[in-house]
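These notes concern the structure reproduced below.
Computed from the coordinates by the stated procedures, all read-outs in this text should not be read as laboratory data. This structure is a prediction, so every number in the text was calculated from the model and none was measured. Cβ: placed from backbone, ideal geometry, glycine included. Neighbour counts: every protein chain shown.
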There are 4 protein chains.
Amino acid sequence: MQSARIHSYGEPLVIEDIPEPNLLHGQQVIVKVGACGLCHSDLHLINGDWKESIPLKLPITPGHEIAGRIEEIGKAVPQQFGQIGDAVAVFGGWGCGVCIHCKGGDEQSCTYANWPGIMTNGGFAEYIVVDSYRFLVKLNGTEGSQRIKGGLNIVEEIAPLTDAGLTPYRAIKKVRSMLGPGKSIAIVGIGGLGFYAIQYAKILGQSADVIALDMRDEKLELAKEIGADHFLKISSSDSQSNLPKIKEEVSRITSGKGIDVIVDCVGAENTIYDSLRLLNKGGALVVVGLFGEQIRAPLVPFVINEYKIFGSLWGNYNELCEVIELAANHKLKHELTRFSLPEINKAIDLLKRGNVRGRAVIVP
Amino acid sequence: MQSARIHSYGEPLVIEDIPEPNLLHGQQVIVKVGACGLCHSDLHLINGDWKESIPLKLPITPGHEIAGRIEEIGKAVPQQFGQIGDAVAVFGGWGCGVCIHCKGGDEQSCTYANWPGIMTNGGFAEYIVVDSYRFLVKLNGTEGSQRIKGGLNIVEEIAPLTDAGLTPYRAIKKVRSMLGPGKSIAIVGIGGLGFYAIQYAKILGQSADVIALDMRDEKLELAKEIGADHFLKISSSDSQSNLPKIKEEVSRITSGKGIDVIVDCVGAENTIYDSLRLLNKGGALVVVGLFGEQIRAPLVPFVINEYKIFGSLWGNYNELCEVIELAANHKLKHELTRFSLPEINKAIDLLKRGNVRGRAVIVP
Amino acid sequence: MQSARIHSYGEPLVIEDIPEPNLLHGQQVIVKVGACGLCHSDLHLINGDWKESIPLKLPITPGHEIAGRIEEIGKAVPQQFGQIGDAVAVFGGWGCGVCIHCKGGDEQSCTYANWPGIMTNGGFAEYIVVDSYRFLVKLNGTEGSQRIKGGLNIVEEIAPLTDAGLTPYRAIKKVRSMLGPGKSIAIVGIGGLGFYAIQYAKILGQSADVIALDMRDEKLELAKEIGADHFLKISSSDSQSNLPKIKEEVSRITSGKGIDVIVDCVGAENTIYDSLRLLNKGGALVVVGLFGEQIRAPLVPFVINEYKIFGSLWGNYNELCEVIELAANHKLKHELTRFSLPEINKAIDLLKRGNVRGRAVIVP
Amino acid sequence: MQSARIHSYGEPLVIEDIPEPNLLHGQQVIVKVGACGLCHSDLHLINGDWKESIPLKLPITPGHEIAGRIEEIGKAVPQQFGQIGDAVAVFGGWGCGVCIHCKGGDEQSCTYANWPGIMTNGGFAEYIVVDSYRFLVKLNGTEGSQRIKGGLNIVEEIAPLTDAGLTPYRAIKKVRSMLGPGKSIAIVGIGGLGFYAIQYAKILGQSADVIALDMRDEKLELAKEIGADHFLKISSSDSQSNLPKIKEEVSRITSGKGIDVIVDCVGAENTIYDSLRLLNKGGALVVVGLFGEQIRAPLVPFVINEYKIFGSLWGNYNELCEVIELAANHKLKHELTRFSLPEINKAIDLLKRGNVRGRAVIVP
């Protein structure tokens, strides 16, 4: 089968024919990849940025935002959880199923994590071996057995939901009890994650005002199209901060209170620092972006105002089902650019330069 | 001033001129009543149904859903909390401010409750003495001092929000963490409370499916107008139950799971009993209606399925502010029939016979 | 191997030699049963009370409170989750691992439940096949792999923790946010579950007053030994209720407020009804006992006081780990009567007549 | 009456006779001060450190940890909330009673805060005017009216509970849902706050392991006396960090997991930074100390491990009642050094030099 693999860090992926995979035990499932999203994490991995924290034996196939159809199925897979031909999304947070995190429903935080496309072979190939049917979400639910109502066939739209569309969902769900009438939520950075975050802020916000912050006019324009209520253009990190002006506008929008929840999809040192100066008393900052090196915040206002900071990572299986449920009910907008598998190095270059419109999706 | 008072239980209210009230201490405020909602609780009170649980010295002025303008103001009232002419809603759950419930933010559950229109003189009069500025919600917020953004002048629409519009809000807010994509919430009884409950289910439901249940086609029609997604006609309590058919439809709507949250705005013995047979595993029933005598439920499925039942009473001050915030932002629909104070006995008769369209509001 | 099996409902178990089980797939584990608790549920099952709701193909081996040692191990079991000779408890809520309940951490509520000793062969035998290593709790934790610190060898004490010791833990954990200084929690029925419930009320109660209610003096005496603070003798259900006297004593103990949380380990119609008359405003009743037919409660006080009722079933894997952690740290008292496997019918007779001191444990 | 007042910042307090205060309105109460705790905040205030953030008109009487007896009472004070001679604690977070924080139960976070001893005259005097009976906690509860059971007369022990004993209570209560069997909580800094924090960690920890960290052996010794389970000596901030050794010991204590909750009563830049390296996945850091300038944390592990940081300020009225309830039931240990009012400057000097054993309490 065709695949795109890392042979050495920092080099283009090698497009090559490799043997099709086989089932190794009865719980495994082989999925024919219908689409696999391309993500900034892939760039880090390919570039070797993580080679020390996640040591890998090369070559390896990256790609962790996967959707497709079941091609072959292990003998121990109960019928209701998958049959040949079923359209499926692949939940990427493969866990052991036993540790305290897995048993608590958060497999993506497993002590023995083995993520496809990051720690083991992923989706930039024609086929992928999914280590257990427990990691599949059937897209065409049959009654009683699965959660997704209605039918969903557009796997290109589903693939990015398994990460880019999942991470901001969890981030906002964590703090939804702080939202509601008269409250406000801001999304910092309207890129891959922020695009979905704005939409979830409307859905989970229970009528809270949704504020978009970005450095680029076209991103604020996009935020408007998908439902944000207010738009603040922040200055780029290199130039002079326009925080005082932003504070003034926030004060106007929130009747002097400040913002209740800020979700930082950038995670730069200055976006974090500045966000903490825009919060309402008791407010929360959720950080999902990983751009910067550190979190820095002045201590006294943090304690006096009882601020909170949450780190948020990816999402769990049930959260992925909820996100797919939204898509199945046509409550999410998508923005994709498709590439074939041989075009993947071109897609990588475009993504590096910030020139992909919406999410890049590889269609093998 | 003109007033409508109970002189003896079970008789029409006496429309009569009485002296205007005076301020008794520095924290009191006199409000010129702009509108006062008429409620089934008023019928109970007037009829003497509560004379044992709430003994009153007659005559007394009923009316507890009050909005209007500040007419006179005590000396100890800080300027930011009210000035003559300010439009205000009157929060009716007057509490002591000290007991564990008041200090916990739930004054409506105060150990020493003294509710206007129920335990002390209320709003079916030209003026009412509000015992403390702590019970006013300013409708035109000034920056930093109050929560309501924008301006609100239609006190007729605001008055019913202080009870009919507040009670279902609290009920649904209690269980909003159980709602979201792929979840469902049903409202039983699309009357005074249910009319608002449907709207809050959409706002707080985070994309949960909203199911309306009622015995009357026109009420289901109304539910459709205000945004419900599914409509189930239940048989009247006297006739043969159509529960098996309802269960089948619920199964279809929820892919065989059952309903996650049911809010019972009727509270009849059979609506409660039947609701518990429609719940999803782990589901919750919130009871706000008080029509019946008792709650009755089969034990084993209740325990095995980990069902929950919550009683919910009225709402607190902050919840009222949230409801008014929704109204101020034009996110609520209202349905009112106006009556003048001298017409109040006619309004009472119509309400008794179920012939008022929407909420009856007395405009003195 | 020796086993005790149901051949026909309502008859004594047949003690017989049957072939030792084999592994059917790579995730299974064979456990040599060290001890298996005997429970009222076993009586129901053996008596055929559940033959309609849970149809079984006889003969079958009951017994669902199992602890022992690993005898044989499937090839797909990762080394850190079990090796031959390891002491283990068997979590009995075997679930599919995929449905919303399993993925949410509550496998015991699985849509496709297959509980050992109830739906498939259980622990009244020398060996049991555990369907997946995901259902084992290793009692001797190795660093990083498992949660139980220290060493635990007394499997007789561990076996009953998997149900009798787990069910009240979950029940109280559900409402622990309502407990703390100045709060109170009552346990109704100091039998198999109540014995542990009292202890958890002290551990999770955060200094809340713990009140024991039972019909028998010796049970109240036992409650005292394990740490309860107050003791109320309720009249037996047949005779005249002494509720007025109980209410008076509750009022004295709680300074007139009523009890914040009541855990009903009996579940009779009258214990539920009476409990709801002893609650503080906003109080909760958690029902785990299944003695009665129905829940019955007066409606108006339920709504007005914002009472809550929760059904609670068994417990999940992480909760079982917490319970075992308590035992491993010598924070739980146990009370057991041991029987050999051939004595099981004698044990059943004694249990039926209420003549077993503490938990009956079968030691094959 | 005798008082100790700030006449100019940075100078010793002036001990002087001033007129006794009068009631200005009907809700006020005059309390004869029985004891008033001396706190590091007092040093800041007296030194003028806050003169810009809290501008004051001098002279002013500091002292915000106040307990005593009611001397005179306003006409609008309901009888059940206080009578002449009643022993009372003074809740110091005086709020407006109307803003969203006050109505939510957190008066100490009021938008219009007016704290005694910090913003208006406090307790280093023979008498204090309490602005409303809503800020009193009656120490001898009468049935139904108040929450404190039993009798409490030792006002010296109660006074410090209103701040030093309240702040760590709220901090730990915020995160108590993360505690329980198998969990761990660490207290950094066993000074005025930490002394109570250790005790609350045992009470609210639900059997979690309690770890004390301090630079001084005698403080770890003290932590042992009041119930901590583990003791880690951290190096002083100036010298070489011993974090690697601390990490190793934490790993041993927690079976390799890390600490679930850390409460930092110091708030230095290095204690915060180091704490974040000791947390378990999903762990929380609660900061109450205000020693440092800023919070600093490495970003990637913060997000990947889903850490949380909470600021926590003082406590609310109900929390104060809970703390006093613990004291009334003899569940708290106290450590005090008494000074007379004329000795206050000596007490201040000793406190500055860290030479007061336990809490300094001024007894006028």
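Each helix, a run of at least 4 DSSP H residues, gives -39500 (n - 2.57); summed and divided by the residues of chain B, these come to -7000 deg cm²/dmol at 222 nm. Taking each of B:Lys75/B:Lys138; C:Lys333/D:Lys174; B:Lys308/C:Lys233; A:Lys103/D:Lys247 in turn, the alpha-carbon distance tops 23 angstrom for C:Lys333/D:Lys174; B:Lys308/C:Lys233; A:Lys103/D:Lys247. Note on chain C: GNM, Cα springs under 10 Å; of C:Glu218, C:Glu157, C:Glu269, the largest mean-square fluctuation is that of C:Glu218. DSSP finds beta bridges in the protein assembly as shown, and of those with both partners inside it, around 55 percent are antiparallel. Provide an ascending nm list, one decimal, of label-point separations from D:Pro342 to the equivalent residue in each further copy; define each label point as 7 Å from Cα along Cα→Cβ. For D:Pro342, the inter-copy label distances come out at 7.9, 9.1, 10.0 nm.
Mind giving me the FRET efficiency for C:Glu269 and C:Ile304? R0 is 22 Å, r the Cβ-Cβ distance, nearest 0.05 is fine. Efficiency for this residue pair is about 0.50. Within 10 Å of the Cβ of each residue in D:101-110, the mean number of Cβ atoms contributed by other protein chains is 5. Per residue, the average separation of C-alpha pairs within less than 8 Å and at least 6 apart gives chain C a relative contact order of 17 percent. Work through the residues other than B:Thr337 whose Cβ is under 9 Å from its Cβ and net out their charges, Lys, Arg +1 and Asp, Glu -1. Net charge in that neighbourhood comes out at +2. Taking the alpha-carbon distance from A:Lys32 and a cut-off under 12 Å, which aspartates and glutamates remain once sequence neighbours fewer than 8 residues away in the same chain are dropped? Of all the aspartates and glutamates, those that pass the test against A:Lys32 - Cα under 12 Å, at least 8 places apart if same chain - are A:Glu20, A:Glu71, A:Glu72, A:Asp86, A:Glu126. Listed by chain and number, the aspartates and glutamates placed with their C-alpha closer than 16 angstrom to that of A:Lys219 are A:Asp229, A:Asp264, A:Glu335; residues fewer than eight positions away on the same chain are left out.
Cβ-Cβ distance of C:Leu24 and A:Leu24, R₀ of 22 Å, FRET efficiency by 1/(1 + (r/R0)^6): the value works out to about 0.80. Put simply, the amide H of D:Thr120, placed in the peptide plane, has neighbours under 5 Å in D:Trp115, leaving out anything fewer than 5 places away on its chain. Give me the distance between the Cα centres of the range A:318-353 and the range C:205-260, rounded to whole Å. The two parts, judged by their Cα centres, are 60 Å apart.
Look at the Cα gyration tensor of the range B:294-364: its axes a ≥ b ≥ c give a/c of at least 1.5 with a/b at or below b/c, and that counts as oblate.
Using a basic spin-label model with each label point 7 Å from the Cα along Cα→Cβ, how many nm lie between B:Gln79 and B:Thr120? Using points 7 Å along Cα→Cβ, the separation is 2.8 nm. Inter-chain neighbour count for B:266-272: the average number of beta-carbon atoms from partner chains within 10 Å of each residue's beta-carbon is 1.
Projecting the Cα atoms of C:Ile128, C:Asn22, C:Leu222 onto the charge dipole of chain C, computed from C-beta unit charges around the Cα centre, puts C:Leu222 farthest toward the positive end. A straight Cα-to-Cα reach below 16 Å connects D:Lys51 with the aspartates and glutamates D:Glu11, D:Asp42, residues fewer than 8 places away in its own chain not being considered.
Summary value for the range D:9-153: 28 percent relative contact order, contacts being C-alpha pairs under 8 angstrom separated by 6+ residues. For the pair the range C:19-63 and the range C:90-107, the centres of their Cα atoms are 18 angstrom apart. Of all chain A residues, the one whose Cβ lies closest to the rotation axis that maps A onto C, given with that distance rounded to whole Å, is A:Gly105, 2.
Charge dipole of the protein assembly as shown (Cα centre as origin; +1 on each Lys and Arg Cβ, -1 on each Asp and Glu Cβ, all else neutral): 0 debye, rounded to the nearest 20. Rounded to 0.05, the FRET efficiency of the D:Ser235 and A:Asp49 pair, given R0 = 25 Å and the Cβ-Cβ distance, is 0.15.
Across the copies of the chain, B:Leu23 has label points (7 Å from Cα along Cα→Cβ) spaced 1.9, 8.2, 8.5 nm apart, shortest distance listed first.
Mind running the shape call on the protein assembly as shown? Use the C-alpha gyration tensor, a ≥ b ≥ c as the square roots of the eigenvalues: rounded below 1.5 for a/c, prolate if a/b tops b/c, oblate otherwise. In terms of gyration-tensor shape, rounded. Sorted from shortest to longest, the distances between the A:Trp50 label points of this copy and the other copies are 4.4, 4.7, 6.1 nm, with each point 7 Å from Cα along the line through the beta carbon. Dipole magnitude for chain C: computed about the Cα centre from +1 point charges on Lys and Arg Cβ and -1 point charges on Asp and Glu Cβ, it is near 940 debye.
When +1 charges are put on Lys and Arg Cβ atoms and -1 charges on Asp and Glu Cβ atoms, the dipole computed for the range B:185-239 relative to its Cα centre reaches about 120 debye. Classification of the range A:1-143 by its C-alpha gyration tensor yields an oblate form. The axis ratio a/c (a ≥ b ≥ c) is 1.5 or more, and b/c is at least a/b.
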